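The values are calculated or read from the model by the stated rules, or taken from the named source; none is laboratory data. A quick note: this is a predicted structure, and the numbers were derived from the prediction, not measured. Methodologically, a virtual Cβ is constructed for each residue, glycine included, from the backbone with ideal geometry; neighbour enumeration extends over all protein chains shown.
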Amino acid sequence: MAKKIAEPTARPRQRAFLVGVEVHGEPHLLSLEDSLEELALLADTGGLDVVGQTYQRISQPNPETLIGSGKVEEVKTLVEEMLAEVVIFDCELSPRHQRELEGIFGEKVQVVDRTALILDIFAQHAQTREGALQVELAKYEYQLPRLTRAWTHLARQTGGAAGRSGSVGGVGLRGPGETQLEVDRRDVRRRIEHLREELEKVRAHRMRYRAQRKRSHIPIVALVGYTNAGKSTLLNHLAKSEVYVANQLFATLDPTTRRVELPGGHWVLMTDTVGFIQKLPHTLVAAFRATLEEITEADLLIHVVDITHPQAFQQAQSVHQTLQEIGAGEIPVLTVLNKIDRLPEPEMAQQVLEGYENALAISARSGAGLEELLNNMTEQLFETFVPVTLWMPYREGQLISLFHDQGQVQVVEHGRGGVRMEGLLPGRLMARYQPFMKMQPEKIVEE
């Protein structure tokens, strides 16, 4: 009788203890308790088992440990009782905070913050070379100020180009009087520079690709929203495609673009983008610049909101805040309240709609409300015209030509260095012409 071959066992999940911190006077969209609940979801997505949590409201951060000394001792006791291996703080820890806390909790307990957890999740989910480069850059920039003498050399972990110059076998060679810490920092900076150069190549490729799409005059629609709001499911339904969908945070990192047909025979290019989250690390926003440019170049944003989430309105505010930060605040937005099929009473959707501007209710899974969504997109992109007066430099020949092709030109006055144009522009193009609405004729001449 043949013996059954034992299947490989999954790696055991580490036990995590969560610590929430609210500093008096600092702005926050979610309550302390709700933010901790979101952190627990992030921990689960990152492959951790949450075994306990606590929080503290403080008037100002402790310069050494962030939270008060009494609270630190309380956390240490709870961690020992619950056999936790990781302590996660629901904020970004300074390098000093992290070092002090690790010293107090002991070498068997790892101390990480919300930023490190999100970076780890992104590293697990990045599927393309671009995504992997962006995450690696963000991790190095986060880790650089946290290097210590006990630092494990990063080049060994990545097998990359960190030690190309002035190194042997991935380990940096020290010069006269140079410490190993200084070598490590130099190698990390070199790796960061290499990654930035690689991402600039990716960005240049994306810019060429976007330029081709603009020349085709096919409108670009970007799906934005809080992570796990249902953007990928919506794209799949509208484009009849099979973009990866999972009921977890950050299931989609790399942008996916599909053609979608609208009523009247119109076509648009619809892009699914990375989900937003409150306290999104600045290093991650910077690293994902090439991806986020897909949003800033769009003609229309479809903001997908999970209507069933208890903090749906706060999540929507977080998305609007991020859109402003990345320079997409002027692009027209159509809000869709998703997952109405999960509401106990369909009438609830209509009540919630009143709290949102330019919104409609849908179910990306069942298809309810999608016909109305397509009609609204057609109206926004092809039927809504806005009166404008522009002063355009002659070097913007492509935009001048686009106005003639897509808009309704009523007045054209040529002058030194540029042209004054009056007429009607499709609402979807307003963001592209925004810089020229405030420009004066004398500025054109000077340029």
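List, please: which pairs have Cβ atoms under 8 Å, are six or more places apart or on different chains, and start with a residue in region 56-78 that is farther than 16 Å from Cys91 by Cβ and end with one that is of a type in the set (Val, Ile, Thr)?
Glu74/Thr54; Lys76/Ile104; Leu78/Thr54
Out of the strands (runs of 3 or more DSSP E) lying entirely within region 31-141, which hold 1 or more residues that are in contact with a Cys (Cβ under 9 Å, 6 or more places away or on another chain) and under 30 Å from Leu292 (Cα atoms)?
So the answer is 110-113.
Would you please name the residue that is farthest from Gln434 (Cα to Cα), looking only at residues in region 248-307 that are charged (D, E, K, R) and modelled with pLDDT of 80 or more? Please lay out each step first, then the result.
Going residue by residue through region 248-307, those that are charged (D, E, K, R) are 254, 258-259, 261, 272, 279, 289, 293-294, 297, 299, 306.
Keeping just the survivors that are modelled with pLDDT of 80 or more gives 258-259, 261, 272, 297, 299, 306.
Values: Arg258: 27, Arg259: 27, Glu261: 28, Asp272: 25, Glu297: 13, Asp299: 12, Asp306: 31 Å.
Selected residue: Asp306.
Can you find, within region 412-432, the residue that is farthest from Asp299 (Cα to Cα) among those that are aliphatic (A, V, I, L, M) and modelled with pLDDT under 90?
Leu424
Can you name the condition, by its number, that Gln212 falls short on among (1) at pLDDT below 85; (2) of a type in the set (S, T, N, Q); (3) in contact with a strand residue (DSSP E or B) (Cβ under 9 Å, 6 or more places away or on another chain)?
(3)
Can you name the residue in region 81-116 that is of a type in the set (A, V, I, L, M) and touching a residue at least 40 places away in the same chain (Cβ under 8 Å) and, of all such residues, is surrounded by the most Cβ atoms within 10 Å (Cβ to Cβ)?
Of everything passing the filter in region 81-116, Ile88 is surrounded by the most Cβ atoms within 10 Å (Cβ to Cβ).
Hey, which of the helices (runs of 4 or more DSSP H) in region 360-443, taking only ones fully inside, have at least 2 residues that are loosely packed, with under 15 Cβ neighbours inside 10 Å and assigned by TED's automatic domain parsing to the domain that holds Pro263? Give the derivation first.
On the way: elements: 370-378, 397-406, 430-433.
It comes to 370-378.
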